[in-house]
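Participant: Once you've had a glance at the structure underneath, I'll fire off some questions.
Every number in this text was worked out from the coordinates using simple rules, so none of it is lab data. Remember, it's a predicted structure, so these values are computed and weren't measured experimentally. Reconstructed Cβ throughout: ideal geometry from the backbone, glycine too, with neighbour counts over all protein chains shown.
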């Protein structure tokens, strides 16, 4: 090989090596992995209202100071609860609810409230309890813990737990049951009552006293 050809071959080799080095140096490096950011599972709202209705008829509505919505289950935590329950009876009775805290379970259509639970209506009927559950499908109300009920005619009931079946106009109560109506007092472990306690039955250590003074107020105990 002539000297000229050797020089040319060398230049070609040098050019190829430089080209390879340039390609390696200029090839972009892989971008750093991006940190995955999951969307929030709880959304917070200030002041909101939820309504339960069927065929255009409203059964209840709840407002609150703050609402926390689980974006996965759609359950709603309620802080500072106020609500209205519409009975749709002959008088179209409206019950007003207040409670410190509550949860609305979307799938079960169930409302749970607790903390200073008070329910009243315009006819001076009222219900107090530590906790309350409302089952929309069954139209059933369950109150537990220091339950006290007062009807518009003055009849009263106290118990550890009370179940109110709206359609049947029936109330069952259990645990330290006391019923007060005019000068009558009834005591037992379990009670079932109809027509605002005009008809009731007591079971378990049951006794009924008549002629009791009005000062014996079960709401004050």
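Participant: Under the 0.36 nm per residue contour assumption, what length would be gained going from the current alpha-carbon distance of residue 45 and residue 210 to full extension?
Facilitator: 54.0 nm
Participant: Between the stretch 155-181 and the stretch 42-60, how far is it from one alpha carbon centroid to the other, in angstrom?
Facilitator: Going from one Cα centre to the other spans 29 Å.
Participant: Now for a different question. Sort 200, 165 so the one with the fewest other Cβ atoms within 10 Å of its own Cβ comes first.
Facilitator: 165, 200
Participant: If you rank 184, 76 by fewest surrounding Cβ atoms within 10 Å, what's the result?
Facilitator: Going from least to most buried by this count: 184, 76.
Participant: Report Rg/Rh for the stretch 38-137, rounded to two decimals, where Rg is the Cα radius of gyration and Rh the Kirkwood radius.
Facilitator: Taking Rh as the inverse mean 1/r over Cα pairs, Rg/Rh reads 0.99.
Participant: Multiply the residue separation of residue 90 and residue 136 by 0.36 nm, subtract the distance between their alpha-carbon atoms, and state the gained length in nm to one decimal.
Facilitator: 14.6 nm
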